[in-house]
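Below: one structure, written as structure tokens.
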Amino acid sequence: MIVTRYIAKSLIVMGGLLIAPNAWADDPEIESVEVATEDKTASFSIGLDAQVRYELSAPEGGQATGQFALRRLRPILGFKAFEVFSAKFVPEFAGPPELKDGIIEWAPHSNFSLEAGQFAPPFNWERDGSSDYHQFTERSVANREFQIADGRDIGVQFDWELEKLLDVEAGIFNGAGSNTEVEPGRGNLVTGRVAYAPFGAYHEVEVVPFVVEKFVLMVGAGGYFAWDNAWRDWTPPGAAAAEDVMAPANVWSATADLHVWYWRLGLHTQGFYRGVSSAEEGAFEAYNGLGFTGQLSFLAINELAFFAFRYSHSQADIDLDSTVNEFAGALQIFHKGNRSKFTLDGGVIDRGDAAPLDRFARLQYQLLL
């Protein structure tokens, strides 16, 4: 009931913001600031990714807590030179300062590029793109379980794209996560992803804030292999872990996804499968996990209001009771498309008998400059 009352109040607040949509239409276009040399051989740009939210958590049988939070405060610094070289640096100042993305790119051809640095490795759809353009304020429980490390890693990759019809990415990474180093003696990670749109150029975002006139279908697949990996403790779920010891493992994972955009409707599905075996003989028995996420969306008012619904399932070990289910809904109100919008989402995360139901609601404003 607490979450229900919160959502109702938030809808009233956002409804009040819609009273003067014409005033929004008069706002200037949002653009980053860019400075170029006189001969245009080099340029520097600065932008901003900011999110502020109010979040309510009401665990079953527990006390509800609500708090305001600065979710993101990320300057986006870009450099370009001689038409083929570019770099992007994205620090995070919401919380302890840290580097989120640091990328150097060489693009000798419009369809091909080499990238090195810290960024999201190519693997699955939900992690491959920024959540700024997602339907929910947080990624699904399946993505959080099966993504590579903490979602970012340090390495090098190539990207070959053909007119947004076919995209092939592959690379080798530390396999240790962002802002970290590989432990002595540990292995690395190879990963890749392929996306194909048979009927026309695909969209690179989940949220398309306007009516899509042409049917768009995209299918994708990805996979990785990490050997002697220790980005997390790979001790099987439910097993007693050795104190202060991170059990390493050889880990492989595969994912497949399907996406449809047409008229006011959107459909996004993705599945995961993962195998884990001990990197040290006799440490633990191998186990497998699987996950699935499905999202359905509807553009209620063109360029203004967008609804989405999500079901996500995660099972770290298919032979054990390690299931997590997420049911969630979202409403987005657009000011300037994905660059300036409000998101209200809420739902329930069910971890089975291991923990009480976790009910949540979030109201977030996002600004991209």
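The values are calculated or read from the model by the stated rules, or taken from the named source; none is laboratory data. Just so it is clear, the structure is predicted and the values come from calculations on it, not from any experiment. FYI the Cβ positions are ideal-geometry reconstructions off the backbone, even for glycines, and counts take in every protein chain you see.
Going by the conditions given, is residue 309 without any contact (Cβ under 8 Å) to a residue 40 or more places away in the chain and in contact with a Lys or Arg (Cβ under 8 Å, 6 or more places away or on another chain)? When the stated conditions are applied, residue 309 does not pass them. A single member of 81, 107 is more than 22 Å from residue 316 (Cβ to Cβ), over 18 Å from the mean Cα position of the chain (by Cα) and free of Cβ contacts under 8 Å to residues at least 24 places away in the same chain, and it is 107.
Screening 192, 185, 129, 177 for residues that are more than 25 Å from residue 348 (Cα to Cα) and surrounded by fewer than 17 Cβ atoms within 10 Å (Cβ to Cβ) leaves exactly one candidate, 185. Among the residues of the range 282-304, those that are free of Cβ contacts under 8 Å to residues at least 60 places away in the same chain and more than 23 Å from residue 253 (Cβ to Cβ) comprise 282, 296, 298, 300, 301.
Can you tell me which condition residue 197 does not meet? The list is (1) under 20 Å from the mean Cα position of the chain (by Cα); (2) surrounded by 15 or more Cβ atoms within 10 Å (Cβ to Cβ); (3) under 21 Å from residue 270 (Cβ atoms), and all the others hold. Here residue 197 clears every test but (1). When residues in the range 239-289 are screened for being in a loop (DSSP other than H, G, I, E, B) and within 23 Å of the chain's Cα centre (by Cα), 1 of them pass.
Taking residue 273 as the residue in question, decide whether it is aromatic (Phe, Trp, Tyr) and within 25 Å of residue 347 (Cβ to Cβ). Criteria met by residue 273.
Taken over the range 191-223, the criterion of being hydroxyl-bearing (Ser, Thr, Tyr) and over 26 Å from residue 252 (Cα atoms) is satisfied by 202 alone.
Report yes if residue 340 is within 19 Å of residue 138 (Cβ to Cβ), of a type in the set (Ser, Thr, Tyr) and in contact (Cβ under 8 Å) with a residue 60 or more places away in the chain, otherwise no. Here the answer is no, as residue 340 does not meet what is asked. For the range 320-329, give me each residue that is within 17 Å of residue 309 (Cβ to Cβ) and either touching a Ser or Thr at 6+ places or on another chain (Cβ under 6 Å) or surrounded by fewer than 22 Cβ atoms within 10 Å (Cβ to Cβ) (or both). Hits for the range 320-329 are 325, 326, 327, 329. Taken over the range 102-122, the criterion of being closer than 30 Å to residue 71 by Cα and either surrounded by fewer than 19 Cβ atoms within 10 Å (Cβ to Cβ) or touching an Asp or Glu at 6+ places or on another chain (Cβ under 9 Å) (or both) is satisfied by 103, 104, 105, 115, 116, 117, 118, 119, 120, 121, 122.
Evaluate the following for residue 312: is it of a type in the set (S, T, N, Q), buried (at least 18 other Cβ atoms within 10 Å of the Cβ) and more than 17 Å from the chain's Cα centre (by Cα)? No: the conditions fail for residue 312. Among the residues of the range 257-273, the ones that are buried (at least 21 other Cβ atoms within 10 Å of the Cβ) and within 23 Å of residue 224 (Cβ to Cβ) come to 5 in all. When the criteria are applied in full, residue 170 fails the requirement of being in a loop (DSSP other than H, G, I, E, B), free of Cβ contacts under 8 Å to residues at least 60 places away in the same chain and among the hydrophobic types (A, V, I, L, M, F, W, C). For the range 212-219, state whether one or more residues are surrounded by 18 or more Cβ atoms within 10 Å (Cβ to Cβ) and within 19 Å of the chain's Cα centre (by Cα). Yes.
Of the residues 340, 314, 277, the single one that is at pLDDT 95 or above, closer than 22 Å to residue 220 by Cα and polar (S, T, N, Q) is 314.
Cβ-Cβ distances below 7 Å connect the following pairs, each with a first residue in the range 179-202 that is of a type in the set (Lys, Arg), a second residue that is at pLDDT below 90 and outside any loop (DSSP other than H, G, I, E, B), and a separation of six or more residues or different chains: 193/128.
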